[in-house]
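Read through the structure below, which is laid out as structure tokens, and then see the notes.
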Amino acid sequence: MKFGVFLPNGSNGYLITKAIPPYLPTWELNRDVTLEAERQGLDFVLSMMKFRGFGGETGFWDACMESFTLMASLAAVTDRIGLVPTTTILALHPAYVARMMATLDDVSDGRAALNIVTGWNKPEYKQMGLWRGDAYYEQRYEYALEYVQILRALWREGRVTHKSPFFDLEDCSCLPTPEHEIPIISAGQSNAGRRFVAQVGGHNFVMAPPERVHALAADLDSLGAETGQDVATYALLHLVAEETDAKAEQVCADIVAGGDIGAIQTMIASAQLDTVEDGTTEQLRRSGAQELLGGDAEEANMAFMGIPAIVGSYETVARKIDALATDPNVAGILFSWPDWVSGIRRFGERVIPLLECRRGWDPERDGGLRGAGRRPA
């Protein structure tokens, strides 16, 4: 099972809470997180991209480091770990992204993959005049499919002509082409999102409790069998691991008690604009439909951004991770931590040695994100 880090390149990481002092994303923080992840044998890091945050008392995500610049910088100071920037497809033309990824492929010596974000947050794109109208909510995976087709044509041939209602490229050139395969990643939680991943092949990140992860992973595997594409599902989870279960539960209670209501309300309001009813925004709406901070942290609580958490002692979280890993359709986990560098260090030193799913794992041989991320036989 592969493990990745959801880098804190947006202010305050992935916790919407006053329990942790607000912090800005910095190069030093993201460098130190990535280097610790590489030291502990983790497999990849992924940086997101937001052009507008959700405010509140903590200024949640109001500041965000640019994803491609950050990952290229990290490529220069790392040796092994996989590197995943995010393209927000409404903001970046595919010909430009194709060239950036070819450059990152060279800088990283083939360690790069690309995360595709279709974009559901209307205010984020409307502020820049990039929102394509509310019909885009339903069209976004059609748009994303053409986007990936253009990327791959440019990576394969170095030029493409493509004309559609979405794009108009006439003998568009992009050289040099990358020397390595560039895996595609998405967070296709809706039916349309999973079908998109099954059409293009690659990794799918899902934000759901374990029982829902299993169902989504099984469905994607079936869709991949229909399309003939190699696919893999990764769970997106917080990790709260401490010496005892009680201490970990207290950390979660403090995070929930300090929830930033203003930022949470703004996020939920944006999610409620999305007309797609079964995707990532549905998870946010479901998390916020209760009293704002009433959900269980291991299921979904808005202080945790609606992302489920694995909570407990080092031994307890190891058992929970191994239980998730028994599903052959779940290829890995993308983690975030309340305490980034020290949390990753304790995970590597105290949890990984207890994991059956990492027995015999060799980061040099098995790490990164080549192919679709299947576990080695």
One finds, for residue 227 and residue 322 with R0 = 30 angstrom and r their Cβ-Cβ distance, a FRET efficiency to the nearest 0.05 of 0.45
With the dipole of the stretch 95-179 defined by +1 on each Lys or Arg Cβ and -1 on each Asp or Glu Cβ, the option from 139, 116, 176 whose Cα lies farthest towards the positive pole is 139
The summed charge of the residue 55 Cβ neighbourhood (under 14 Å; Lys/Arg +1, Asp/Glu -1) stands at -1
Along the dipole axis of the stretch 2-366 (charges at Cβ: +1 for Lys and Arg, -1 for Asp and Glu; origin at the Cα centre), the most positive-end residue among 357, 63, 305 is 63
Of the convex hull drawn through the C-alpha atoms of the chain, the volume per residue in Å³ is 122
With +1 on the Cβ of every Lys and Arg and -1 on the Cβ of every Asp and Glu, the dipole magnitude of the stretch 24-181 about its Cα centre, in debye rounded to the nearest 20, is 320
To the nearest 20 debye, the chain has a Cα-centred charge dipole, built from +1 on Lys and Arg Cβ and -1 on Asp and Glu Cβ, of 400
Expected sort for 172-185, 51-64 on mean C-beta neighbours within 10 Å, highest first, is 51-64, 172-185
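Just so you know, all these numbers are worked out from the coordinates, no wet-lab data involved. What you see is a predicted model, and the numbers here were worked out from it, not measured in a lab. As a convention, Cβ positions derive from the backbone with ideal geometry for all residues, glycine included, and neighbour counts pool all protein chains shown.
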